[in-house]
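These notes concern the structure reproduced below.
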Amino acid sequence: MALAIATFFFITLLSTTKALAFDSCSSSNNNEELSVIPIYGKCSPFNTPKPTSWENTVINMASKDPQRLSYLSSLVAQKPNSAPIASGQQVFNIGNYVVRAKIGTPGQLMFMVLDTSADTAWVPCSGCTGCSSTVFSPNTSSTYGLMDCSVPECTQVKGQSCPAVGAPGACFFNQSYGGASSFYATLSRDSLRLGTDVIPNYSLGCISAVSGSSIPPQGLLGLGRGSMSLLSQSASLYSGVFSYCLPSFKSYYFSGLLKLGPLGQPKNIRTTPLLKSPHRPSLYYVNLTGVSVGRVLVPIAPELLAFDPNTGAGTIIDSGTVITRFVQPIYNAIRDEFRNQVKGPFSSLGAFDTCFASTNEAVAPAIILHFTGMDLVLPMENSLIHSSASPLACLAMAAAPTNVNSVLNVIANLQQQNLRILFDTANSRLGIARELCN
């Protein structure tokens, strides 16, 4: 795969009882600290060359963000996603993280994208048109079974094509993903193994055809808030709680950690309420009340920040977007204040429109995100990105694309790095604490 698509990250798991290291290439001998390895990392099985510059990789990943935001904006409750399916070799080019999972009995290893804004899990199956070479083989799993239109789960999956509710026959569904891609699948159930935990009869899609370039090649595991998500299907096991720490893009040797369940989560952590919108029920909303640049509270009209459960407007935390995106008026106000405090001139680089001489970085102000009950001061490494081709530093944020009719502000994964992000749906709270993930 080309450098532009070098965006996978392996996240091994902590189970509710004990952790199991999957990688013999782990950088840690502690079974409770499991490695996160990028596709271009030393231990990556994807054989992607080590990138010559991490910032070019980030720029390439960030260029796919508009597709991601278009997808997030399309996540409207009860709206079926339908798109034509065409053949063609599938290439994954949306920046995301993957989790090592085993499907079936005996378990078949799949590296599935972990997506906090999606619910239904799906994997490419044998005979899939347009899929990668690694597929799940249902015929070799003794616990695999099809789900028909009569089961409640069929009514909960988007894009299902049953002739009538409760009608006999397999439950087929067609969904879009990433903004410009789609897949066709059959709703099925099988065992899902994460670390030492086995979740029997897990509902997931068995993909038979894909179209477009942003369908994850080995499937997706949804960590959203809907009824088909991992948290809902494993409520008795994980109690609706998980957290992750995403390492910096800079390091060739990554060591991140995903924790599932309430055990082992940080005790002293600042939290803000999790909000839920019936308009976009899968997303993790938080109440962003303001943004400061240095000591200046940026003047932002309250209605631009306000959470509206009916329209889905507001601010979300998302694992799949690379750089934080604000609706245009908010971003313009943040950018203008940042420019006021940093000496120009300014230029553009990829998605970044506020680049300046790195010799002025010492005067670059911190970005502070104000949430209800919690302030997050972004470390400078989460606010700026540097160019290796020239002595430039850039503000690592951007405006949401105006052509997707988006009302979402998205706190993205670059701004989440080296932080422990706790999702506690049982207590409707999101926590953030500083933690070195490298």
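Quick look at the values:
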| quantity | calculated |
| --- | --- |
| Residue-normalised accessible area of region 266-434, given per residue in Å² at a 1.4 Å probe | 38 Å² |
| Accessible area of region 266-434 belonging to carbon and sulfur atoms, whole % at 1.4 Å probe | 53 percent |
| Karplus (6.51, -1.76, 1.60) ³J(HN,Hα), θ = phi - 60°, over region 304-311, in Hz, Gly and Pro reported as x | 6, 9, 4, 7, 10, x, 7, 9 |
| Region 150-243 - accessible surface per residue (Å², probe 1.4 Å) | 31 Å² |
| Cα centroid separation, region 341-414 to region 166-239 (Å) | 34 Å |
| Of 250/276; 102/259; 64/276; 102/158, those spanning more than 28 Å from alpha-carbon to alpha-carbon | 250/276 |
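The values are calculated or read from the model by the stated rules, or taken from the named source; none is laboratory data. Quick caveat, the model's predicted, so the values are computed rather than measured. Quick note on the areas: whole protein, heavy atoms, side chains included, nothing else; ligands and nucleic acids left out. Shrake-Rupley method; radii C 1.70, N 1.55, O 1.52, S 1.80 Å.
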